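Here the structure is laid out as structure tokens; the discussion comes afterwards.
The values are calculated or read from the model by the stated rules, or taken from the named source; none is laboratory data. Keep in mind that what you see is a predicted model, and the values were worked out from it rather than measured. Cβ placement follows ideal geometry from the backbone for every residue including glycine, while neighbour counts extend to all protein chains displayed. These area figures cover heavy atoms from the full protein model, side chains too; ligands, DNA and RNA do not enter into them. Shrake-Rupley method; radii C 1.70, N 1.55, O 1.52, S 1.80 Å.
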Amino acid sequence: MTSTALREAAFESLGPLEPLIDKCVHCGFCLSTCPSYLLLGNEMDSPRGRIYIMKAGVEGRPQMNVMSDTVVGHFDTCLGCMACETACPSGVRYAPLIEETRAAIEHHHQRPAGERLFRRLLFLLLPYPARLRLFALPLVLVNALRRWPGLLKRLPLNVSNLIALAPDARLADLPGMLSSVPERTTAVGVARLRVGLLTGCVQRVFFGHVNEATVRVLAAEGCDVIAPGGQGCCGALALHSGLDEQARDFARGLIGTFERTNVELIVVNAAGCGSTMKGYGELLQHDAAWADRARAFAAKVRDVTEVVAGFDSARAPRHALDMRVAYHDACHLAHAQGVRQPPRDVLASIPGLTVVPIGDSEICCGSAGIFNLVQPEMAAELGRRKAEKIGEAKPDVIATTNPGCILQIGAAGRAGGESRPVFHVVELLDASIRGTDLQP
């Protein structure tokens, strides 16, 4: 195949998205909110720069080879945080553009062998809770390893980074990592809503306490909660990494599982998962057998804070939590889903709690799916910046709505020597409803 034919094949899938590409007027409003441009200062590592590359590829300009290492590198530095969509006055929808481009890269670009192996191992592990649970026991060694910085420096960067990011674990935590929430939980009092709960992959294994808090809060607020035991991955990590067919397979499986539950809404407590699930209609739009089912499913998806804040009145009494909380907007909740006020309303419903603002709050913490695993140096710098801004606010604890953010901000705090507990918003509400102390 000639170089021109290869280029045309690589960009073929972007052709139908050319109207979205053409909406970009290259005004530059996205630059100040783009974390990769902020760190690298390179026009091609900005949203409008990447869109320029897409445009050149679709038009078949002879100087453009999207599959070169240099050009692919410009897309690899994108966190997919979607802050550019929030900032864009022209309404450019960057999400489908970067997702389709990444899929084209994975179909047509050959990464170095070591990088291919590392990514392959990640996707053989992360979307599968049963496999993740095999790593629960070794995690109890993480804290010990962190006390030996000299040893960590001798390890490959990807390995030492995994140790830095790993959740804290104690032997006492292992039963929780190996268990799951009940498949059915009855509402307290008369049920006013029947909801399904996505239990997730990483969330299910390493943040099972967040799922448990979510179930308790929903039940206390009058929800019958159905958490199907056979549910699989939602496909978010795969989609954001260019593995589009794997993402579609996961989406079909999850849709089929929840169709059998007869729920009114599907509740998600992980922002990245919720963003992808709300987009199933687009993901499966060309699949005649699944398109309508995907749209119907997506219409039911809600973040847990949307559900709780959406009730006309709170049913469960709240007890005071006298503390200062720094709330971090997870990018895939605030930018990708446009959900900003509900988490703040949930926090505002807790007596005694004061929410303190974070400087540069629009800038990503560096988690971004698997970004902090495959781009550890950039991610660490963004984490350091986020930790500094949080430190300036002097909170007692930090709250957010995504497991990746919890891990990233926790790791950045430890690295900076100013570690603070990081909780999911629903954990704070759960503690307030139950009248108990927060447990880091």
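Taking N as the number of residues in the stretch 327-393, what is its alpha-carbon radius of gyration divided by 2.2 N^0.38 Å? Numbers along the way, then the final one.
Values: Rg = 13.3 Å, N = 67, 2.2 N^0.38 = 10.9 Å.
Expressed relative to 2.2 N^0.38 Å, the Cα Rg reads 1.23.
Treating each Cα of the stretch 365-405 as an identical point scatterer and ignoring solvent, apply the Debye formula and state log10 I(q)/I(0) at q = 0.31, 0.34 Å⁻¹.
Cα-only, vacuum Debye calculation for the stretch 365-405: -1.04, -1.10.
Let me make sure I get this right: for the stretch 63-128, a, b and c are the square roots of the gyration tensor eigenvalues over alpha carbons, sorted descending. Under 1.5 in a/c it's rounded, otherwise prolate if a/b > b/c, else oblate. Which is it?
Values: a/c = 2.64, a/b = 1.43, b/c = 1.85.
Verdict is oblate for the stretch 63-128.
Over the chain, what percent of the accessible surface lies on carbon and sulfur atoms, probe 1.4 Å? Mind dumping the intermediate values first?
On the way: 10620 of 19010 Å².
That fraction is 56 percent.
Where the centroid of each part is defined by its Cα atoms, how far is the stretch 82-121 from the stretch 346-399 in Å?
Taking the Cα centre of the stretch 346-399 as reference, the centre of the stretch 82-121 is 23 Å away.
Sort 371-382, 17-28 for me by packing, meaning the mean count of neighbouring Cβ atoms within 10 Å per residue, highest on top.
371-382, 17-28
Mind pulling up the Rg/Rh value for the chain? Radius of gyration and Kirkwood radius, both on Cα.
Working: Rg = 21.5 Å, Rh = 22.5 Å.
That ratio is 0.96, to two decimals.
Taking the Cα centre of the chain as the origin, how large is its charge dipole in debye, to the nearest 20, when only Lys and Arg (+1) and Asp and Glu (-1) carry charge on their Cβ atoms? Each step should come with its number before you reach the end.
Numbers: 45 positive and 45 negative charges, 178 e Å.
Around 860 debye, computed over the chain.
In what sequence, highest mean first, do 402-409, 347-354 appear when ranked by Cβ atoms within 10 angstrom?
Working: 402-409: 27.0, 347-354: 16.1.
With the highest mean Cβ count within 10 Å placed first, the list reads 402-409, 347-354.
Taking 1 over the mean of 1/r across every pair of different Cα atoms in the stretch 394-440, what Kirkwood radius in Å do you get? Please report the intermediate quantities before stating the final value.
Details: mean 1/r = 0.0895 Å⁻¹.
It is 11.2 Å.
Kirkwood hydrodynamic radius of the stretch 230-363 from all distinct Cα pairs, in Å? Write down the numbers at each step before the final one.
Values: mean 1/r = 0.0610 Å⁻¹.
About 16.4 Å for the stretch 230-363.
Quick one: work out the % antiparallel among DSSP beta bridges in the chain, nearest 5. Mind showing how you got there, number by number?
Numbers: 2 of 22 bridges.
Antiparallel bridges make up about 10 percent of those DSSP assigns within the chain.
So with the 1.4 Å probe, I'd like the accessible area per residue for the chain, rounded to whole Å².
Details: 19010 Å² over 440 residues.
I get 43 Å² per residue for this part.
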